[in-house]
Amino acid sequence: MSTAPNPVAEIFYSNALIRITRFMAIVAVAASAAAYALYGWKIAVGFFSGCLIAYLNFHWLKRVVIGLADQVTATSQAKSGRGVVVRFLLRYLLMGLGGYAIFTVSHAALYGLLAGLFLPIAGIACEAVYEVYTALARKF
């Protein structure tokens, strides 16, 4: 039982990554403000730093996945695999350096940093809720 694809649904779901990054930015700002109001500036700065690292990590991971997909499918000109590996390792080096810098400044800020690293999960959860709402409202 095969049905024709719905072009409106295809466009909607193809924009999910854009919406996730927007949700991540909104959550980062709102949660940083809440952390400042509830716990003070040290944890808020740590949280925002964690959000920034998580956002960059998400963006770089997206680029690595696209680069690997291009290499596997050979849709673009040949690229060096070394660059993909270097960018992959650079992400973790950045997270480690950020954690060390925050840890040396304030132990309390480290908790905020670790919480901020969960930003992509919050963005994906917001997208999931939005997709469920849209699916029920539009009946895709």
*Write out, first by first residue and then by second, each pair whose Cβ atoms fall under 6 Å of each other, whose residues are 6+ apart or on separate chains, and whose first residue, in segment 36-59, is without any contact (Cβ under 8 Å) to a residue 12 or more places away in the chain while the second is assigned to a helix (DSSP H, G or I).*
Tyr36/Ala44
*Which of the helices (runs of 4 or more DSSP H) contained wholly in segment 1-116 include at least 1 residues that are modelled with pLDDT of 80 or more, out of contact with any helix residue (DSSP H, G or I) (no Cβ under 6 Å at 6 or more places or on another chain) and on the phi > 0 side of the Ramachandran plot?*
none
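To keep it simple, each residue is scored yes or no on (1) touching a Leu at 6+ places or on another chain (Cβ under 9 Å); (2) closer than 30 Å to Arg82 by Cβ.
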position	(1), (2)
Thr3	no, no
Ala9	no, no
Ser32	no, no
Ala35	no, no
Phe47	yes, no
Asn57	yes, yes
Leu61	no, yes
Ile66	no, yes
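Only one residue in Leu17, Leu52, Leu56, Leu61 is within 10 Å of the chain's Cα centre (by Cα) and under 17 Å from Val129 (Cβ atoms). Which one?
On the way: Leu52 fails: under 17 Å from Val129 (Cβ atoms); Leu56 fails: under 17 Å from Val129 (Cβ atoms); Leu61 fails: under 17 Å from Val129 (Cβ atoms).
Among Leu17, Leu52, Leu56, Leu61, only Leu17 is within 10 Å of the chain's Cα centre (by Cα) and under 17 Å from Val129 (Cβ atoms).
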*Looking only at segment 118-140, which residues are under 15 Å from Ile26 (Cα atoms) and assigned to a loop (DSSP other than H, G, I, E, B)?*
Phe118
_Cβ pairs under 9 Å, 6+ apart, first in segment 84-107 and without any contact (Cβ under 8 Å) to a residue 60 or more places away in the chain, second polar (S, T, N, Q)_ = Val84/Gln71; Arg91/Asn57; Tyr92/Asn57; Leu94/Asn57; Met95/Asn57; Gly98/Ser49; Ala101/Ser49; Ile102/Ser49
*How many of the residues making up segment 116-140 are surrounded by fewer than 17 Cβ atoms within 10 Å (Cβ to Cβ) and not hydroxyl-bearing (Ser, Thr, Tyr)?*
14
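If you scan segment 26-59, which residues turn out to be among the hydrophobic types (A, V, I, L, M, F, W, C) and touching a Phe, Trp or Tyr at 6+ places or on another chain (Cβ under 8 Å)?
Residues of segment 26-59 that are among the hydrophobic types (A, V, I, L, M, F, W, C), as a first pass: 26-31, 33-35, 37-38, 41, 43-45, 47-48, 51-54, 56, 58.
If the condition is that a residue be among the hydrophobic types (A, V, I, L, M, F, W, C) and touching a Phe, Trp or Tyr at 6+ places or on another chain (Cβ under 8 Å), then Ala28, Ala31, Ala35, Ile43, Ala44, Ala54 are the ones that fit.
The values are calculated or read from the model by the stated rules, or taken from the named source; none is laboratory data. Bear in mind the structure is a predicted one, so any value in this text is a computation, not a measurement. All Cβ positions, even for glycine, are placed from backbone atoms using ideal geometry, and neighbour counts span all protein chains on display.
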